[in-house]
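Worksheet: one structure, shown below.
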Amino acid sequence: MTPVPLLSVRDLRVRHQSSGFGIAKTTVAVDGVSFDIGRGDTFALVGESGCGKTTTARAVLRLIDVSGGTMRYDGDDLLAMRGETLRRHRKRMQIVFQDPFTSLNPRHTVGAIVGEGLIVHELARGSEVNARVAQLLQEVGLEPADATRRPAELSGGQRQRVAIARALAVDPEFLVLDEAVSALDVTTQAQVLALIARLRDARGLTCLFIAHNLAVVQQVATAVAVMYRGRIVEQGPTAALFETPAHPYTRAMLDAVPVSDPRDRRERTPLAGDPDAGGSLPPGCAFFPRCPHLAKDDACLAAVPDLHELADGHLVACTKAAAPSL
Amino acid sequence: MTPLLSVENLRVTYAGRDADRIAVDDISFTVEPGEIVALVGESGSGKTATGLAIMGILSPNARVAPGGAIRFEGRDLLATPEKELRDLRGRRISMVFQEPAAALNPVMRVGDQVAEVALVHGERDRHAARSRAVEMLVRVGLADAERQYRSYPHELSGGMRQRVMLAIALLLKPALVIADEPTSALDVTVQAQVLSLLLDLQRESQTAVLFITHDLGVVAETCSRALVMRAGAIVEAASVDDLFHAPKHPYTRDLLAAMPRIVSSR
């Protein structure tokens, strides 16, 4: 029997309303997304700008309104939570944002930033707060003395450590990492990734890891879902997705990662088109206009392809996934 | 053969509130005609300041220390009057920036921004300039170039805007392009498109490229030589093959070890 997942999302839908020059516009940001995250697992949502990965994360955290679907957290209906119940729930799920230059209040000291959650959720008072902050800073590789500094005095990597300490302050069990290492330099990125993996294992955290780069998630994720235009086009255990990618978009994303050795250079045919090009989607498969698959035909446009199982837990939303592509 | 570009003992300092900050600390290197050289480093390593110094467009609070030289096609750019530099920029040497949204003029049609390069450098006939611009837009992959000529930058995607930047930089087939993280702000599949386009254009026009980047994958993919910068200094200069297979400086090894890569057991 498979254990009950900690987070279970079914058919999640989110629409954004915008208005420019008085013309109301509705954009479908997330269009029927489903996934489960087991306790202690790290689930990666990968995709390019505008694919809906961040919107999905915000919906999971109840930071934005959803227009459809269900979400259960540890058996409870996440969308039914209101007021005090929701407020108490918030300390179980925390987030680390991409840009530590904008996500930390520049006027607050590191101590105030990390300690705020402790005070709001009444987890510590008086001198306990400072003691907890000191512990947290050490846990993320900073010095207790850094509590008196302000974000401007810190490097990007140090700021991201502060953001992680702030998220951990309320002792959450679920952590959303929204491009948490994307803005960092490579050497810092590797250090912060290692820190995240260490903290996850030590604290038994469950993680939702949002990234635009497949190379970054391979090391940390237990399972990966690739999103395109608001939908998951492929998902599966990390090894399956990297070893036997089935969706043409997943293959193109893997192919687009630069080589790591100049001797591996090869002629490549980059995928045409833009992920962030606006405009209306064709009926059927949203990837159709960019799809390089040789077997693509009118059948792809007949209906939006459903995710179907290729192997144990490996799902793909492409009707031609089994057909030879080259 | 004399190098196309020869940077000798370049030092750049930025005036600070208390003390001057050294951004580039006595670096020397050369770029041969037609080659692609990577200038690799992390934030604050001085790689962008080096590029801006070569272009002569450092911010007013920056200063190039006396004693250095930037020789390009036989003349020292540091000793060249601004009027002559203006004639070189866009014609013999040009630059592509990381954020095309910030580098393009938001209230000018993108086609006119391409045509402007020809007009500034001696083209008298507006129609001729326009048709050269359209031709170049087609070359960089704007499918419907006649229509997209009339677009404003905000109407284009990030990848399209960077294609326009390449059109501007390469219209007059300059001898040297300084490309400062030209693909870093783009999505991965678009990054692959723009890189491949940059290489095609480079091959066609035999332009040398100084490729400023933090991404060793991009270096492995495109460059023949690399200069690794850290804290204003070049810590290693090597052929790309040596850099990846026999890195000498510990910092280069750290960078290589930290590089995100897809591990395949296939």
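Observations on the model:
- Choice from B:Leu166, B:Leu85, B:Leu39 with maximal GNM fluctuation in chain B (Cα, 10 Å cutoff): B:Leu85
- Taking 7 Å steps out from each Cα toward its Cβ at A:Thr102 and B:Arg17 produces label points 2.5 nm apart.
- Take the Cβ atoms of A:Leu63 and A:Glu143, set R0 to 41 Å, and the FRET efficiency comes out at 0.80.
- Simple label model, 7 Å out from Cα along Cβ direction - B:Arg253 to A:His121, nm: 4.2
- Rounded, prolate or oblate (a/c below 1.5 giving rounded, otherwise prolate when a/b exceeds b/c) for the stretch A:118-258 by Cα gyration tensor: prolate
- Helices in the protein assembly as shown, meaning DSSP H runs of at least 4 residues, each add -39500 (n - 2.57). Divided by all residues, the mean residue ellipticity at 222 nm is -9500 deg cm²/dmol.
- Remark: the stretch B:214-220, residue by residue, has Karplus-estimated 3J(HN,Hα) of 9, 9, 5, x, 5, 5, 4 Hz, where x stands for each Gly or Pro and the curve is 6.51 cos²θ - 1.76 cosθ + 1.60 at θ = phi - 60°.
- Using a Förster distance of 41 Å, the FRET efficiency for B:Glu84-A:Arg268 (Cβ separation, nearest 0.05): 0.50
- Listed residues B:Val218, A:Val186, B:Pro60: farthest to the positive end of the dipole of the protein assembly as shown (Cβ charges): B:Pro60
- Cβ-based exposure ranking for A:Phe97, A:Phe242, A:Phe209, in which fewest neighbours within 10 Å come first: A:Phe97, A:Phe242, A:Phe209
- Charge dipole (Cα centre; +1 on Lys/Arg Cβ, -1 on Asp/Glu Cβ; no other charges) of the stretch A:97-189 amounts to roughly 320 debye.
- Positive dipole terminus of chain A, leading residue within A:Gly111, A:Gly157, A:Gly126 (C-beta point charges): A:Gly126
- Full extension of the chain between B:Ser264 and B:His127 gives 44.0 nm of extra length, using 0.36 nm per residue less the Cα-Cα distance.
- Rounded to the nearest whole Hz, the Karplus-based 3J(HN,Hα) values (6.51 cos²θ - 1.76 cosθ + 1.60, θ = phi - 60°) of the stretch B:133-146 follow the sequence 5, 4, 4, 5, 5, 4, 4, 8, x, 7, 3, 9, 4, 4, with x at glycine and proline.
- With neighbour counts taken as other beta-carbon atoms within 10 Å, the residues B:Lys248, A:Lys53, A:Lys296, A:Lys25 rank, fewest first, as A:Lys25, B:Lys248, A:Lys296, A:Lys53.
- Fewest-first sequence of A:Ser8, B:Ser264 by Cβ atoms within 10 Å of each Cβ: B:Ser264, A:Ser8
- 3J(HN,Hα) from dihedral phi, the stretch A:154-169, Karplus parametrisation 6.51/-1.76/1.60, rounded to Hz, x for glycine, proline: 10, 6, x, x, 5, 4, 5, 5, 4, 4, 5, 4, 4, 5, 7, 4
- In a reduced charge model with +1 at each Lys and Arg Cβ and -1 at each Asp and Glu Cβ, the stretch B:134-266 shows a dipole moment near 100 debye about its Cα centre.
- Local net charge near B:Arg230, Cβ-Cβ under 13 Å (Lys/Arg +1, Asp/Glu -1): -3
- Here the dipole of the protein assembly as shown is about 900 debye; that uses its Cα centre as origin and unit charges on the Cβ of Lys and Arg (positive) and Asp and Glu (negative).
- Global form of the protein assembly as shown, assessed from the alpha-carbon gyration tensor, a/c cut-off 1.5: oblate
- In the stretch B:33-125, taking the dipole from charged Cβ atoms about the Cα centre, the farthest positive-side position among B:Phe97, B:Ala118, B:Leu39 is held by B:Leu39.
- Whether chain B is rounded, prolate or oblate, judged on the alpha carbon gyration tensor where a/c under 1.5 counts as rounded: oblate
- Over 31 Å apart at the Cα level, from the set A:Lys53/A:Lys296; B:Lys83/B:Lys248; B:Lys83/B:Lys173, are B:Lys83/B:Lys248.
- Charge tally in the Cβ shell below 15 Å around B:Gly67, where Lys, Arg are +1 and Asp, Glu are -1, B:Gly67 excluded: -1
- Computed lengthening from B:Ser28 to B:Glu73, 0.36 nm per intervening residue step minus Cα-Cα distance: 14.6 nm
- Centre separation in Å (Cα based) which lies between the stretch A:287-303 and the stretch A:134-180: 46
Every number in this text was worked out from the coordinates using simple rules, so none of it is lab data. Given the structure is predicted, the values throughout are model-derived calculations rather than measurements. Using ideal geometry, Cβ is built from the backbone for each residue, glycine included, and neighbour counts are taken over all protein chains shown.
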